[in-house]
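Notes follow once the structure below has been shown.
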Amino acid sequence: MNQVSTVSIAQITDIHLFASESHQLLGMPTIESFKVVLERLKELKSEIDLLLLTGDLSGDGTSDSYEHLQSLINQLQIPTYWLPGNHDCAIAMNEILNVGMISRRKSFQRGDWNFLLLNSAVPGCVHGHLTTNTLSWLDSELAKLGNKPTLIAFHHPPFLVNSAWLDNSGLKNPEELFAVIDRYPQVKLVLFGHIHQQFQGQRYNVGYLGTPSTCIQFRSHSHTFAIDQKAPGFRLLKLYPSGSWETSIERVPYFHPLELAATGY
């Protein structure tokens, strides 16, 4: 296990599990690609303090899909926290994903860092939005928790990623989020998913990181929907007491014929 002073995280996102284990997403058997990611996480287990699952854990929002996820994740025996994406059912998640090493807590501490997990999903919509209540909660938590470095996570990107079709489905009210974050210099990192690709940006002194999916990847800088043939992946982070951090992307050796001509999903 790592020294208490350093917190090591794996961010896993856009898993898209289904009720049927044989279901494929644009040719990708999502449960199989996820199992390969889990095998790599097992190899890294002694180096990881917690897992953050940042939405679209299910592809169909079914209870069965979350039962599959719970069974697979608990085999790792690593503390795990999650938040919903636009394909998820938050009600089913709350009921199922709170057993064993999986927690539904949205505010917690590890080492010298605070973690705040937000729900940016809008029922029935692909795009994201942070409600007034969510932003008020974020504000009150940041005020209450004090000056320890803080990581915030949600599903939808608060920045344009230079892919027109994806940019239409990002977070619709990023300026309201920034208005809160700007008041709290202890916020050091913001993590998100949704874009199925690697992204790194910065606003003032805050890093903003998007992460590859554990299944299909979207081609970056594409005006229209397009699949990339890059391998599934996840993100590793090391958080230091000073508020500094390091990160890298891991991709796993899993390849499967994809529906490259698809125009959406």
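The values are calculated or read from the model by the stated rules, or taken from the named source; none is laboratory data. Only a predicted model underlies this, so the values are computations on that prediction, with no experimental measurement involved. As a convention, Cβ positions derive from the backbone with ideal geometry for all residues, glycine included, and neighbour counts pool all protein chains shown. To get the accessible areas, we keep the full protein, side chains included, count just its heavy atoms, and leave off ligands, DNA and RNA. Shrake-Rupley method; radii C 1.70, N 1.55, O 1.52, S 1.80 Å.
Relative contact order, whole percent, for region 1-149 stands at 22, derived from Cα pairs under 8 Å and 6 or more residues apart. Region 164-203 and region 19-66 have their alpha-carbon centroids 23 Å apart. Heavy-atom accessible surface of the chain, averaged per residue, reaches 41 Å², computed with a 1.4 Å probe.
With a 1.4 Å probe and all protein chains kept in place, how do W82, W165 rank by accessible area, largest first?
Values: W82 5, W165 55 Å².
Ranking W82, W165 by accessible area, largest first, yields W165, W82.
Kirkwood Rh over Cα pairs of the chain into Stokes-Einstein at 25 °C, 0.890 mPa s: D in µm²/s?
Numbers: Rh = 18.4 Å.
For these conditions, the coefficient is 134 µm²/s.
May I ask what percent, to the nearest 5, of DSSP beta bridges between residues of the chain are antiparallel? Counting only bridges with both partners in the chain, antiparallel ones make up about 50 percent.
Round to a whole number: what % of the accessible area of the chain belongs to carbon and sulfur, probe 1.4 Å?
Taking all protein chains in place, the chain shows 50 percent carbon and sulfur surface.
Here K188 is the anchor, and the aspartates and glutamates within straight C-alpha reach of less than 14 Å, apart from those fewer than 8 places off in the same chain, are D112, E246. Sort region 214-260 into rounded, prolate or oblate with this rule: let a ≥ b ≥ c be the square roots of the eigenvalues of the Cα gyration tensor; rounded if a/c is under 1.5, and if a/c is not under 1.5, prolate when a/b is larger than b/c, oblate otherwise. Here region 214-260 falls in the oblate category. Under 5 Å between amide hydrogens, built in the peptide plane, is the criterion, and for L17 it picks out S58, G59 among residues at least 5 positions away or on other chains. Computed 3J(HN,Hα) for region 196-208, one whole-Hz value per residue from the Karplus formula 6.51 cos²θ - 1.76 cosθ + 1.60 where θ = phi - 60°, is 6, 6, 7, 8, 9, x, 9, 9, 6, 9, 10, x, 10, glycine and proline marked x. Solvent-accessible area of S20, all protein chains in place: 60 Å² (probe radius 1.4 Å, heavy atoms, ligands and nucleic acids excluded).
Mean 1/r over all different Cα pairs, inverted: what Kirkwood radius does region 49-193 give, in Å? Mind dumping the intermediate values first?
On the way: mean 1/r = 0.0634 Å⁻¹.
Taking every pair of different Cα atoms in region 49-193, averaging 1/r and inverting gives 15.8 Å.
Helix content alone sets the calculated 222 nm mean residue ellipticity of the chain: runs of n ≥ 4 DSSP H residues at -39500 (n - 2.57) each, divided across all residues, give -6500 deg cm²/dmol. Multiplying the residue separation of E246 and K148 by 0.36 nm and subtracting their alpha-carbon distance yields 33.6 nm.
For region 149-223, compute Rh as the Kirkwood radius over C-alpha pairs and then the Stokes-Einstein diffusion coefficient at 20 °C and 1.002 mPa s; write the answer in µm²/s, rounded to an integer. For the chosen part, D equals 168 µm²/s. Per-residue packing, averaged as other Cβ atoms within 10 Å, sorts the ranges 178-190, 27-39 into the order 27-39, 178-190, beginning with the highest.
Extending 7 Å from the Cα toward the beta-carbon at both S140 and Q109 defines two label points whose distance is 1.9 nm.
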